[in-house]
Amino acid sequence: MKVMGKTRRLMSLGLCGAALGAALTAPAAQAASVAQRGPGHRPGWTLTDTGADARFRGLAAVDRTTAWLAGTGGTVLRTSDGGRHWRDVSPPGAGQLEFRDIEAFDARRAVALAIGEGEASRVLRTDDGGVTWAESFRNTDTRAFYDCLTFFDSRHGLAVSDPVDGKYRLLSTGDGGRHWKVLPGAGMPAALPGEASFAAGGQCLVSSGSKDVWLATGGSGTARVLHSRDRGLTWSATATTLPADDPARGVFGLAFRDRAHGIAVGGDYRADQASPRASAVTRDGGRGWRQSVTPPPAYRSGVAWLPRGLGLGRESALAVGPTGTDLTRDGGRTWRTVDSGSYDTVDCAPDGGCWASGEQGRAARLTYRR
């Protein structure tokens, strides 16, 4: 665990990303909105001006106009006009916190996770759009290091820590993040030697439906995905095909469009290391994973299914990383690069609003251009 701790600290210092790529953006007047898409249009990112220089690994897409960002320096931003303006709604006194995940229920209610060893790991919640924040959890166990959180609905959610006493530790809430309790570990499989999760883009713990949740791992001899059908009480573990056997390798991000169909992305986050097997797919809820036939060309830390109604088909998804964005239209079997900008995470709302965020204050919304 000491090696994995060092890995996380290097990531916190921002040494894991590749050099900032040139984003393939276009002036707003030339970019087609989601509503204007049509034959001949292709998806791409249009950068917005956040006015910040934080690295935003936490992202929550509410809809086409509303999104939340959470990042370094205790920074939280919110937009309600499609990214034309971002409002700084950072919690007072949070400058030393490292936000890596945020889940939002609407424009007013959100739950943010700060990572780190011991008391650096905290959960904060707002009910008024970030005007005020309440700390609902502070980790007091120096052995724990919380990485990601997810919600099944506006009440029930989980947060995960790297293994403590040989097993992953989970927090559970039943009131929207106002109160948390540690779940019993009896149903959690033993962690592999050196195994942990990556707080790279808020997608190491994801859910679909009212009870199913998946946990991504790395750092050990095998990169695994753990699955629970009962909101984290009992789990099963399955090996994936993604690179492993190194503290910098594993599954970094997961996305499930239903209980069966999922995509895993990751690789080796070091810029000087290749990631030839950066994605895998499952069609049975994670019981088995198959390597993508044509995976993304490099490490990817975030992935999201594109909502239906965008004209790209139900099997379409986006994967993002420091060297670009890739699109699949066949459920993750094959990918092609559609943007070269640097992003850490991606999220899509049911109404078709998709957002991406990353280093140097980067935040973008998905548009369509010829």
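The values are calculated or read from the model by the stated rules, or taken from the named source; none is laboratory data. All figures in this text were calculated on a predicted structure; none of them were measured in a lab. We place every Cβ from the backbone using ideal geometry, glycine too, and count neighbours over all the protein chains shown.
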Sole miss for GLY250 among (1) crowded, with 22+ Cβ neighbours inside 10 Å; (2) under 19 Å from the mean Cα position of the chain (by Cα); (3) part of a loop (DSSP other than H, G, I, E, B) is condition (3)
Looking at region 136-187, which of its residues are under 21 Å from the mean Cα position of the chain (by Cα), part of a strand (DSSP E or B) and of a type in the set (A, V, I, L, M)? LEU149, LEU158, ALA159, VAL160, LEU170, LEU171
Evaluate region 328-346: report whether one residue or more is over 21 Å from PHE198 (Cα atoms), part of a strand (DSSP E or B), touching a residue at least 24 places away in the same chain (Cβ under 8 Å) and aliphatic (A, V, I, L, M). yes
From the list VAL281, VAL225, exactly one residue is under 22 Å from LEU192 (Cβ atoms), at pLDDT 95 or above and in contact with a Gly (Cβ under 6 Å, 6 or more places away or on another chain). Which is it? VAL225
Checking SER172 against (1) within 24 Å of ILE263 (Cα to Cα); (2) surrounded by fewer than 19 Cβ atoms within 10 Å (Cβ to Cβ), which single condition isn't satisfied? (1)
If a residue must be surrounded by fewer than 24 Cβ atoms within 10 Å (Cβ to Cβ), among the basic types (Lys, Arg) and closer than 24 Å to THR66 by Cβ, how many such residues does region 326-370 contain? 2
The residue from GLY219, GLY177, GLY232 that alone is buried (at least 24 other Cβ atoms within 10 Å of the Cβ) and farther than 27 Å from HIS261 by Cβ is GLY177
Could you check how many residues of region 93-138 are within 16 Å of ASP347 (Cα to Cα) and either crowded, with 22+ Cβ neighbours inside 10 Å or touching a Cys at 6+ places or on another chain (Cβ under 8 Å) (or both)? 8
Failed item in (1) part of a strand (DSSP E or B); (2) in contact with a helix residue (DSSP H, G or I) (Cβ under 7 Å, 6 or more places away or on another chain), with VAL320 passing the rest: (2)
For the list (1) out of contact with any Asp or Glu (no Cβ under 8 Å at 6 or more places or on another chain); (2) over 23 Å from PRO91 (Cα atoms); (3) surrounded by 24 or more Cβ atoms within 10 Å (Cβ to Cβ); (4) not β-branched (Val, Ile, Thr), I need the number of the one condition that PRO193 fails. (3)
For region 268-276, state whether one or more residues are at pLDDT below 95, out of contact with any Ser or Thr (no Cβ under 7 Å at 6 or more places or on another chain) and crowded, with 16+ Cβ neighbours inside 10 Å. no
Selection from region 279-314 of residues of a type in the set (D, E, K, R) and either buried (at least 22 other Cβ atoms within 10 Å of the Cβ) or without any contact (Cβ under 8 Å) to a residue 40 or more places away in the chain (or both) yields ASP284, ARG300, ARG308
It is to be established whether one or more residues within region 272-287 are under 17 Å from the mean Cα position of the chain (by Cα) and assigned to a loop (DSSP other than H, G, I, E, B). yes
Inter-residue pairs, beta-carbon under 6 Å, first within 16 Å of ASP128 (Cβ to Cβ) and modelled with pLDDT of 95 or more and in region 76-94, second part of a loop (DSSP other than H, G, I, E, B) and of a type in the set (A, V, I, L, M), 6+ apart: VAL76/VAL89; ARG78/VAL89; SER80/ALA107
So which of ALA260, ALA248, ALA264 ends up being out of contact with any strand residue (DSSP E or B) (no Cβ under 6 Å at 6 or more places or on another chain) and of a type in the set (A, V, I, L, M)? ALA260
Report yes if some residue within region 163-178 is in contact with a helix residue (DSSP H, G or I) (Cβ under 7 Å, 6 or more places away or on another chain) and in contact (Cβ under 8 Å) with a residue 60 or more places away in the chain; otherwise report no. no
